[in-house]
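Comments concern the structure below.
The values are calculated or read from the model by the stated rules, or taken from the named source; none is laboratory data. Bear in mind the structure is a predicted one, so any value in this text is a computation, not a measurement. Glycine also receives a Cβ, built like all others from the backbone with ideal geometry; neighbour counts cover every protein chain displayed.
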Amino acid sequence: MALDAIRRDEDIDVTALLVTVSSAADRIALHAVRCSLLEAQADRLDLPLHVVEIPSPCSNEIYEAEMATAMDVALADGIKDVVFGDLFLADVRAYREERLDGTGISPLFPLWSRPTDLVAREMLDPGVKALLTCVDPAHLAPSFDGRLFDERLLADLPGHVDPCGERGDFHTFVFDGPGFASPIDIELGEVIERDGFVFRDVRPDGASGGRRQRVDHDRAR
């Protein structure tokens with residue numbers, strides 16, 4: 001949604017996607033989404049990837065050093081801004097602003113302070129299709145893992161869970177939406193519990209291994 005919003009700004013030219021990846025697992029940090037699916041997203045959006053590899057576990061010092069290097073590279077490439085999808089966590093925004101202060105690169109927050117119940121439903125109108133890949137069982141039942149992000153899910157979320165998952169109660173994988181040239185064919189794999197979180201593996205449709213469930217694009221509408 002942040003990407004779609006910023007692409008509507010005629011004064012800004014989006015040139016790349018920035019992402020942190022666990023080098024050991026070959027997956028996106030936190031979301032645990034396979035890098036093959038990350039690459040499929042970038043391909044559908046027709047944007048190059050700038051991957052920042054981090055170890056797992058990763059200390060804050062290492063993370064900040066790797067991100068500082070990434071900003072140096074971006075600045076050398078003529079990048080002036082970095083876009084974040086943050087919604088309302090003031091401490092997170094302040095941290096990003098602090099880390100970018102003096103670098104020559106400015107942070108942009110196109111979704112900031114918009115009511116998250118409205119944002120969640122606005123995601124469905126332009127055809128965003130996503131499913132939950134990670135839940136924090138301390139706040140959301142593991143049975144939500146693998147469910148489509150749709151009106152039914154929003155209706156079933158407990159009242160204390162932000163409908164956009166802003167507090168980290170859940171994370172998602174988007175397989176279609178604004179700017180996608182075509183949907184990404186995916187299937188669901190096994191459920192894994194690790195580090196206090198419950199993950200639902202998602203793989204490209206047709207990949208081998210594990211018990212699978214194909215995600216129907218039509219049913220996801």
Q: Might you let me know whether the stretch 139-155 holds any residue that is farther than 27 Å from Arg44 by Cα, within 17 Å of the chain's Cα centre (by Cα), charged (D, E, K, R) and surrounded by fewer than 19 Cβ atoms within 10 Å (Cβ to Cβ)?
A: no
Q) So Leu131 clears everything in (1) assigned to a loop (DSSP other than H, G, I, E, B); (2) in contact with a Lys or Arg (Cβ under 9 Å, 6 or more places away or on another chain); (3) surrounded by 13 or more Cβ atoms within 10 Å (Cβ to Cβ) except one condition, right? Which one? A) (1)
Q) How many residues does the stretch 147-175 contain that are farther than 14 Å from Leu132 by Cα and in contact (Cβ under 8 Å) with a residue 60 or more places away in the chain? A) 1
Q: Report, by residue number, each residue of the stretch 94-118 that is farther than 27 Å from Tyr63 by Cβ and touching a residue at least 40 places away in the same chain (Cβ under 8 Å).
A: Asp117
Q: Could you tell me which of the residues Val82, Val14 is surrounded by fewer than 17 Cβ atoms within 10 Å (Cβ to Cβ) and farther than 24 Å from Cys134 by Cα?
A: Val14
Q | Subset tally (residues that are of a type in the set (A, V, I, L, M), in a loop (DSSP other than H, G, I, E, B) and touching an Asp or Glu at 6+ places or on another chain (Cβ under 7 Å)) for the stretch 74-110 | A | 3
Q. Here are some residues: Gly189, Gly165. Which one is among the small types (Gly, Ala, Ser), under 16 Å from Leu30 (Cβ atoms) and surrounded by 13 or more Cβ atoms within 10 Å (Cβ to Cβ)?
A. Gly165
Q) Out of Ile12, Ile62, which single residue is free of Cβ contacts under 8 Å to residues at least 24 places away in the same chain, among the aliphatic types (A, V, I, L, M) and either under 26 Å from Arg121 (Cα atoms) or in a helix (DSSP H, G or I) (or both)? A) Ile62
Q: Could you tell me whether any residue of the stretch 204-218 is surrounded by 14 or more Cβ atoms within 10 Å (Cβ to Cβ), modelled with pLDDT of 95 or more and not basic (Lys, Arg)?
A: no
Q. Which ones in the stretch 18-58 are surrounded by 16 or more Cβ atoms within 10 Å (Cβ to Cβ) and touching a residue at least 60 places away in the same chain (Cβ under 8 Å)?
A. Leu18, His31, Ala32, Val33, Arg34, Leu37, Ala40, Gln41, Arg44, Leu45
